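Colleague: One structure is given below, represented as structure tokens, and several questions about it will come after.
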Amino acid sequence: MAVGEMLCSTICVRYFQTGGNGRVLKPKYVCFFGYPSFKYSHPHQLLKTAAALQGQIVQFKLSDIGEGIREVTVKEWYVKEGDTVSQFDSICEVQSDKASVTITSRYDGIIKKLYYNLDDTAYVGKPLVDIETEALKDSEEDVVETPAVSHDEHTHQEIKGQKTLATPAVRRLAMENNIKLSEVVGSGKDGRILKEDILNYLEKQTGAILPPSPKAEIVPPPPKSKDRTIPIPMSKPPVFTGKDRTEPVKGFHKAMVKSMSAALKIPHFGYCDEVDLTELVKLREELKPIAFARGIKLTFMPFFLKASHNIGIAMDTEQGLIVPNVKNVQICSVFEIAAELNRLQNLGSSGQLSTSDLTGGTFTLSNIGSIGGTYAKPVILPPEVAIGALGVIKALPRFNEKGDVYKAQIMNVSWSADHRIIDGATVSRFSNLWKSYLENPAFMLLDLK
């Protein structure tokens with residue numbers, strides 16, 4: 001059925017009309033502006049509408065995030081019921097089995113209801129929040145039919161046209177301290193509000209100084225009696241008062257279950273070797289001050305990546321194991337790779353990696369040596385066909401070409417390959433070439449682009 005509307009200055013009547021014979025049915029409901037609506041329908045019935053009526057509550061649904069994701073975990077709310085939001089303001093942060101995503105508002109209005117608590121599972125296409133809005137334009141959303149409310153009964157906070165620049169963490173800090181971002185002067189670029197601006201504003205508003213803690217009065221112990229017998233304490237068996245609880249598998253852990261279950265179907269071929277990194281250690285020590293001057297932390301990993309291709313990096317985070325990847329390694333300099341690694345590590349530790357950061361990898365390196373391991377049997381991450389595990393670098397005695405013993409910086413590497421696609425000889429030749437670049441860093445200047 002098509003929906004027709006007749007509007008006048010004092011009354012709004014909605015009719016339903018059939019498309020076949022043009023017969024007009026009785027009004028669905030009648031509402032007088034400024035007064036409670038007189039309805040024929042149920043008070044909570046959902047209507048599909050493209051009009052803009054005062055006091056509408058829009059169910060803001062979780063949109064499709066892509067990558068076939070159908071459910072996410074709510075990790076953080078940036079708003080609460082009663083807050084006023086503008087378009088593009090952050091509403092919440094959700095985490096799928098691939099990445100963390102910040103959900104932003106598409107409307108100006110007031111948050112009326114949050115459908116989920118923290119760590120709840122939200123589903124794509126289902127309501128996330130209810131927003132009371134007056135600015136629905138040419139969009140069709142689920143609207144909860146509610147009585148009209150006069151301006152005397154409900155006041156709205158004025159929404160300025162200029163968007164306030166602030167990160168989600170800063171917005172959360174302001175929300176927890178009941179601070180309006182519009183009242184804070186930002187000291188960052190383009191007027192961006194920083195964490196320090198919120199703290200300074202809070203200090204100026206409160207001006208509270210914690211009183212000194214009172215000194216504990218020293219009471220001398222009572223004199224011991226010589227005839228007093230000391231009772232022997234009776235030992236009691238320890239009693240466990242805690243309770244077991246079941247933790248659901250969510251987020252990145254859930255993704256690991258899927259990928260590792262798929263990895264069980266892959267016939268793994270293992271290959272191990274040791275690499276003498278003595279010359280590379282010297283080169284890195286020479287380049288570290290230069291990298292530091294550029295604001296880059298230079299580790300060994302950029303050299304390991306440069307000797308390879310488009311590589312994913314296994315990272316151990318509080319959210320679980322994640323594998324972001326450095327794109328187009330073959331056309332990047334060592335410094336550019338190091339800068340990109342720093343960016344991925346910072347985002348990974350805060351759970352802010354995007355879907356593009358976590359997809360598109362062709363090969364993975366796992367630096368197990370950062371924890372202390374020497375050897376490993378790495379598991380391939382489908383749909384990739386190979387992975388390498390890097391052990392800890394140790395100072396060990398080795399013989400040079402003249403037979404003299406010298407102090408060598410040795411690292412062990414463990415490769416795993418899908419034996420359905422890569423044979424052992426191919427893995428060995430690749431490992432020898434990769435090893436030659438690391439043992440002779442100057443070769444990178446001659447052969448690598």
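Colleague: Give me the number: length gained by fully extending Leu446 to Phe88, i.e. 0.36 nm times residue separation minus the C-alpha to C-alpha distance, one decimal in nm. Each step should come with its number before you reach the end.
Modeller: Numbers: separation 358, 0.36 × 358 = 128.88 nm, distance 4.93 nm.
My answer for the length gained is 124.0 nm.
Colleague: Moving on. Can you pull the accessible area of Ser90 for me, 1.4 Å probe, Å² to the nearest 10?
Modeller: In the full protein context, Ser90 sits at about 20 Å².
Colleague: Could you calculate the contour length gain from Cys272 to Lys204, that is, 0.36 nm times the residue separation minus the distance between their Cα atoms, to one decimal place in nm?
Modeller: Length gained, Cys272 through Lys204: 18.3 nm.
Colleague: Rounded to two decimal places and with Rh computed the Kirkwood way over Cα pairs, what is Rg over Rh for region 56-133?
Modeller: Values: Rg = 11.7 Å, Rh = 12.4 Å.
Rounded to two decimals, Rg/Rh equals 0.94.
Colleague: I'd like the carbon and sulfur percentage of the solvent accessible area for region 267-447, probe radius 1.4 Å, heavy atoms only, ligands and nucleic acids excluded.
Modeller: Percent of accessible area from carbon and sulfur atoms in region 267-447: 57.
Colleague: Follow-up question, since we're still on this one. In region 56-133, what percent of the accessible surface is made up of carbon and sulfur (1.4 Å probe, ligands and nucleic acids excluded)?
Modeller: The nonpolar share, carbon plus sulfur, comes to 44 percent.
Colleague: So, in nm, how far is label Lys288 from label Leu118 when the simple model puts each one 7 Å beyond its Cα toward the Cβ?
Modeller: A separation of 3.8 nm, rounded to one decimal place.
Colleague: In a shell of Cβ-Cβ distance under 9 Å around Arg398, excluding Arg398 itself, what net charge do Lys and Arg (+1) and Asp and Glu (-1) give?
Modeller: Charge balance near Arg398 sits at 0.
Colleague: Would you mind working out the magnitude of the charge dipole of region 255-377 relative to its Cα centre, with +1 at each Lys and Arg C-beta and -1 at each Asp and Glu C-beta, to the nearest 20 Debye?
Modeller: Around 280 debye, computed over region 255-377.
Colleague: Using +1 at the C-beta of Lys and Arg and -1 at the C-beta of Asp and Glu, which of Ala339, Ile296, Asn400 has the Cα lying farthest in the positive direction of the dipole of region 267-447?
Modeller: Going by the Cα projections, it comes out as Ile296.
The values are calculated or read from the model by the stated rules, or taken from the named source; none is laboratory data. A quick note: this is a predicted structure, and the numbers were derived from the prediction, not measured. Backbone-built Cβ (ideal geometry, glycine too); neighbour counts: all protein chains shown. The accessibility values were calculated without ligands, DNA or RNA, using every heavy atom of the protein model including side chains. Shrake-Rupley method; radii C 1.70, N 1.55, O 1.52, S 1.80 Å.
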